[in-house]
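Peer 1: One structure, as structure tokens, below. Some questions next.
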């Protein structure tokens, strides 16, 4: 690879195919993505538990501990609602809960996911954690998985 890339991102939902001009199993600088309507199904739900902090800064140890406690509380809350067990992963500055879904990619599902994430973010116990903007519920949402390296440092 001749260029340095800051991170590798993956789609949370199965892509409908290889875009024109691209080849499988190659890395490309992202210039465009699929449109929302290109995806047929919603397969993964990401709950991103990150501490509130200034832009381009890493979480402190104390912030990380609070993010962990909040992620555990969210997992327990969703477990009690009948959600399956998530993949629970350290995201670097916080924690990811990744849930399997099998839902249509339609407006009703997007609204349901948006409302779920907004409800988690507005919980009275959530004083430290950001669950992300409305883009987190979009079917074309990409994800920087915990097995990859990402940095807030200037490269």
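The values are calculated or read from the model by the stated rules, or taken from the named source; none is laboratory data. Here the structure is a predicted model, which means the values were calculated and not measured. Note that each Cβ is placed from the backbone with ideal geometry, even for glycine, and that neighbours are counted across all protein chains shown.
Peer 1: For segment 85-101, does any single residue satisfy the condition of being at pLDDT 90 or above, part of a loop (DSSP other than H, G, I, E, B) and out of contact with any helix residue (DSSP H, G or I) (no Cβ under 7 Å at 6 or more places or on another chain)?
Peer 2: Yes, that holds for at least one residue.
Peer 1: Can you tell me which residue among 73, 89, 69 is on the phi < 0 side of the Ramachandran plot and free of Cβ contacts under 8 Å to residues at least 40 places away in the same chain?
Peer 2: Of the residues listed, the single one that is on the phi < 0 side of the Ramachandran plot and free of Cβ contacts under 8 Å to residues at least 40 places away in the same chain is 69.
Peer 1: Within the group 154, 129, which residue is surrounded by 17 or more Cβ atoms within 10 Å (Cβ to Cβ), more than 30 Å from residue 17 (Cα to Cα) and modelled with pLDDT under 65?
Peer 2: 129
Peer 1: Inspect segment 26-34 for any residue being modelled with pLDDT of 75 or more and on the phi < 0 side of the Ramachandran plot and give the result as yes or no.
Peer 2: Checked segment 26-34: no residue is modelled with pLDDT of 75 or more and on the phi < 0 side of the Ramachandran plot.
Peer 1: Given the conditions (1) within 21 Å of residue 122 (Cβ to Cβ); (2) part of a loop (DSSP other than H, G, I, E, B), and given that residue 13 satisfies all but one, which numbered condition is not satisfied?
Peer 2: (1)
Peer 1: Name the pairs: first residue in segment 103-121 and assigned to a helix (DSSP H, G or I), second residue exposed (fewer than 13 other Cβ atoms within 10 Å of the Cβ), Cβ to Cβ under 7 Å, at least 6 apart or on different chains?
Peer 2: 114/134
Peer 1: Okay, next question. Suppose we keep only residues that are within 19 Å of residue 92 (Cβ to Cβ) and at pLDDT below 85 within segment 35-53. Which one would you say is surrounded by the fewest Cβ atoms within 10 Å (Cβ to Cβ)?
Peer 2: Filtering segment 35-53 for residues that are within 19 Å of residue 92 (Cβ to Cβ) and at pLDDT below 85, the one surrounded by the fewest Cβ atoms within 10 Å (Cβ to Cβ) comes out as 52.
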